[in-house]
């Protein structure tokens, strides 16, 4: 697809005035509805990325839009200095859905992760009697939890850390999917293990069956908090309302974001059992915008859509169908196909093709997706997608992979 002057104009403006911390595909989007997006030249694209799983209910979902507009008509942002008539309703719904006791609302996923870190450490000092400033948190190899300096400080990716130190410390990395490695790393100073139940940015990595259940047993045995980051995997993405539900009843702490905001507003939360959450008292944590009425109204509606439209079951069924269709291609370019629900990664053999180049060619065919870790192409369409839509996408995927394989 040739680049228009209009497209080049907008790309040039961004490149001139915006920090180059992303490497976008060469398309300038201007409209969206449902699973479809449109560029400034009127070309349409099927969204197979969902803003990294944030747009699970589809772009400009009419119910989410109504919740936003209705709330904007009455109350915007009073701050948490006062009560509001919607935040409690949102918290109650989210706690009951996750089987947790309390929630602490924030805005972005990284903020919710930082909240979890603070909670884990304070719990360690006040409930486990760890010596002052000696608390340790275990994390998984290949993790991705956000971009703050604390979080990148325990990343396994050296590029994320390069020239951003000195770092916070207090973290130790254990092999992902290896319960024995986790248990061997636990000491009396260990207060928590923070991990993704399934890894997204790491390349859609699915741990061995039974791993999470075993991890919970180990954490309980050693009085260590199990805190799960479900910023990407939550809200129906993996075929369950929350990925932990594939194996356990509930963790000690849960981090949510992305799709909790319905794809139109930053909404995140840290949820935990009473013993963990009650370490927060007035003055220990806060956020000007966290838990504002607009966020609460949108989050409440996003959860209602999850249940009313049975998005998790839909994700399970269509994710299985998409995975089968991808496997049936028998493409020599693909080393592995892995995922859960409508959250699938195809691992491209770098000796045969470049994952980024394939994404560019799929863009030219009207399909939006993006690579992660150089070799894995992530497919994560809105959970409202239909079987016919997947068939439409598969025609383009097969065309591109076949053409690349012949070159």
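Apart from one condition, residue 306 fits all of (1) under 29 Å from residue 65 (Cα atoms); (2) over 19 Å from the mean Cα position of the chain (by Cα); (3) buried (at least 16 other Cβ atoms within 10 Å of the Cβ); the exception is (2). With respect to the stated conditions, residue 104 is under 25 Å from the mean Cα position of the chain (by Cα) and assigned to a strand (DSSP E or B). Selection of the stretch 74-83 for residues being surrounded by 14 or more Cβ atoms within 10 Å (Cβ to Cβ) and either in the same structural domain as residue 376 (by TED's automatic domain parsing) or more than 20 Å from residue 304 (Cβ to Cβ) (or both) yields only 80. The residues listed here are 383, 362; of these, the one that is surrounded by 23 or more Cβ atoms within 10 Å (Cβ to Cβ), touching a helix residue (DSSP H, G or I) at 6+ places or on another chain (Cβ under 7 Å), within 28 Å of residue 241 (Cβ to Cβ) and assigned by TED's automatic domain parsing to the domain that holds residue 37 is 383.
Scanning the stretch 253-289 for residues that are in contact with a strand residue (DSSP E or B) (Cβ under 6 Å, 6 or more places away or on another chain) and surrounded by fewer than 24 Cβ atoms within 10 Å (Cβ to Cβ), we see that the one that is nearest to residue 34 (Cα to Cα) is 287. Among the conditions (1) assigned to a loop (DSSP other than H, G, I, E, B); (2) within 20 Å of the chain's Cα centre (by Cα); (3) surrounded by fewer than 16 Cβ atoms within 10 Å (Cβ to Cβ), the only one that residue 350 does not satisfy is (2). Would you point out which residue out of 131, 120, 57 is outside any loop (DSSP other than H, G, I, E, B), at pLDDT 95 or above and either assigned by TED's automatic domain parsing to the domain that holds residue 297 or under 16 Å from the mean Cα position of the chain (by Cα) (or both)? Criteria check complete, one pass: 120.
Could you figure out which of (1) touching a helix residue (DSSP H, G or I) at 6+ places or on another chain (Cβ under 7 Å); (2) exposed (fewer than 15 other Cβ atoms within 10 Å of the Cβ); (3) assigned to a helix (DSSP H, G or I) isn't true of residue 90? That leaves (2) as the condition not met. Confirm whether residue 275 is modelled with pLDDT of 95 or more, assigned by TED's automatic domain parsing to the domain that holds residue 201 and within 28 Å of residue 124 (Cβ to Cβ). Spelling it out, residue 275 is indeed modelled with pLDDT of 95 or more, assigned by TED's automatic domain parsing to the domain that holds residue 201 and within 28 Å of residue 124 (Cβ to Cβ). All conditions in (1) part of a loop (DSSP other than H, G, I, E, B); (2) under 30 Å from residue 394 (Cα atoms); (3) in contact (Cβ under 8 Å) with a residue 60 or more places away in the chain hold for residue 24, with the sole exception of (3).
The set of residues in the stretch 324-351 being free of Cβ contacts under 8 Å to residues at least 60 places away in the same chain and either farther than 15 Å from residue 377 by Cβ or in contact with a helix residue (DSSP H, G or I) (Cβ under 7 Å, 6 or more places away or on another chain) (or both) consists of 324, 328, 330, 337, 346, 348, 351.
With respect to residue 296, is the statement that it is surrounded by 24 or more Cβ atoms within 10 Å (Cβ to Cβ), assigned to a helix (DSSP H, G or I) and in contact with a strand residue (DSSP E or B) (Cβ under 8 Å, 6 or more places away or on another chain) true? Here the answer is yes, as residue 296 does meet what is asked.
Under the condition of being touching a strand residue (DSSP E or B) at 6+ places or on another chain (Cβ under 6 Å) and either part of a strand (DSSP E or B) or surrounded by fewer than 23 Cβ atoms within 10 Å (Cβ to Cβ) (or both), the residues counted in the stretch 242-252 number 0. Can you tell me how many residues in the stretch 119-145 are closer than 28 Å to residue 372 by Cβ and touching a residue at least 40 places away in the same chain (Cβ under 8 Å)? The total comes to 9.
Whether any residue in the stretch 95-107 is closer than 23 Å to residue 376 by Cβ, touching a strand residue (DSSP E or B) at 6+ places or on another chain (Cβ under 7 Å) and buried (at least 19 other Cβ atoms within 10 Å of the Cβ) is what I want to check. No, the stretch 95-107 has no match at all.
Against the test of being in the same structural domain as residue 193 (by TED's automatic domain parsing), closer than 24 Å to residue 99 by Cα, under 16 Å from the mean Cα position of the chain (by Cα) and modelled with pLDDT of 95 or more, the options 290, 299, 341 yield a single qualifying residue, 299. Output yes when any residue across the stretch 60-73 is touching a strand residue (DSSP E or B) at 6+ places or on another chain (Cβ under 7 Å) and either surrounded by 21 or more Cβ atoms within 10 Å (Cβ to Cβ) or in a loop (DSSP other than H, G, I, E, B) (or both), and no when none is. Looking through the stretch 60-73, at least one residue is touching a strand residue (DSSP E or B) at 6+ places or on another chain (Cβ under 7 Å) and either surrounded by 21 or more Cβ atoms within 10 Å (Cβ to Cβ) or in a loop (DSSP other than H, G, I, E, B) (or both). If the condition is being without any contact (Cβ under 8 Å) to a residue 60 or more places away in the chain and within 20 Å of residue 303 (Cβ to Cβ), then the stretch 31-65 contributes only 62.
The values are calculated or read from the model by the stated rules, or taken from the named source; none is laboratory data. As the structure is a computational prediction, the values presented were derived from the model and not from experiment. Using ideal geometry, Cβ is built from the backbone for each residue, glycine included, and neighbour counts are taken over all protein chains shown.
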